[in-house]
Each structure stands twice: as structure tokens, then as C-alpha cells.
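Enquirer: Once you've had a glance at the structure underneath, I'll fire off some questions.
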Amino acid sequence: MKSERHAMILEIIERSDVETQEDLARLLKERGIGVTQATVSRDIKELRLIKVLTDTGAYKYATVDKAEAGLKDRLIRIFSDSVMA
């Protein structure tokens with residue numbers, strides 16, 4: 001059950017901008033997985049999810065791998081824009 005819930009959480013945050021634990025709990029419940037806020041909080045910790053800034057200025061949950069990839073791209077872009085040829 002836990003592994004199925006974790007897989008569903010990862011799928012949800014991949015497809016949707018989830019800003020809060022309450023949003024995540026609601027989206028899980030809509031998919032037939034009843035959870036408490038405490039369970040969602042533990043799942044977020046176990047999955048090592050972090051909040052990242054979106055293009056719109058809001059925050060959303062993401063995996064560390066996705067966040068690091070986005071940061072790498074951003075640093076490359078900043079470096080490229082600041083180096084004079």
C-alpha cells in the first residue's frame with residue numbers, strides 16, 4: 001500500500017503543480033487513496049521531496065533529482081549570459 005501511494009505521489013507531482021500537503025492529500029483522495037496530513041508529511045519526507053520555485057513565482061513539490069536538473073540548467077544559462085565572447 002505504501003509503495004503504491006509513493007508511486008501515486010510521484011506521478012501526481014510530475015503532472016501537477018502541488019503547492020501544499022493539503023493539495024496533495026486531496027489529489028490522492030480523488031484517486032481513491034485516503035490519507036491524513038500526517039501520512040502525507042511522512043511520505044514527503046521519505047520521498048525526499050522539496051519545494052521548488054515555478055516559472056509563475058509559486059512553489060511546488062518536486063523530487064531532488066528534478067530540482068537539481070533545473071538548477072544545473074539555470075546555472076548554465078546564467079554563466080552563458082554573463083561570459084563575454
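The values are calculated or read from the model by the stated rules, or taken from the named source; none is laboratory data. Keep in mind that what you see is a predicted model, and the values were worked out from it rather than measured. Glycine also receives a Cβ, built like all others from the backbone with ideal geometry; neighbour counts cover every protein chain displayed. In case anyone asks, the SASA skips ligands and DNA or RNA and just uses the protein heavy atoms, side chains included. Shrake-Rupley method; radii C 1.70, N 1.55, O 1.52, S 1.80 Å.
Enquirer: Can you tell me which residue is most open to solvent (accessible area, probe 1.4 Å) among those in the range 17-30 that are part of a helix (DSSP H, G or I) and touching a residue at least 12 places away in the same chain (Cβ under 8 Å)? Spell out how you get there, then give the answer.
Expert: At the first step, the residues of the range 17-30 found to be part of a helix (DSSP H, G or I) are 21-30.
Checking the rest, the ones that are also touching a residue at least 12 places away in the same chain (Cβ under 8 Å) come to 21-22, 24-25, 27-28.
On the way: Q21: 40, E22: 117, L24: 0, A25: 12, L27: 25, L28: 0 Å².
Filtering the range 17-30 for residues that are part of a helix (DSSP H, G or I) and touching a residue at least 12 places away in the same chain (Cβ under 8 Å), the one most open to solvent (accessible area, probe 1.4 Å) comes out as E22.
Enquirer: Over 19 Å from M1 (Cα atoms) and among the charged types (D, E, K, R): which single residue out of K29, K51 fits that description?
Expert: After applying the criteria, what remains is K51.
Enquirer: I need the full set of residues from the range 31-81 which are part of a helix (DSSP H, G or I), open to solvent by 70 Å² or more (accessible area, probe 1.4 Å) and modelled with pLDDT of 90 or more, in order please.
Expert: Listed by number, the residues that qualify are Q37, R42, K45, E46.
Enquirer: Since M84 meets every condition but one in (1) modelled with pLDDT of 95 or more; (2) part of a loop (DSSP other than H, G, I, E, B), which condition does it not meet?
Expert: (1)
Enquirer: Regarding the range 4-16, can at least one residue be identified that is at pLDDT below 95 and assigned to a loop (DSSP other than H, G, I, E, B)?
Expert: Yes.
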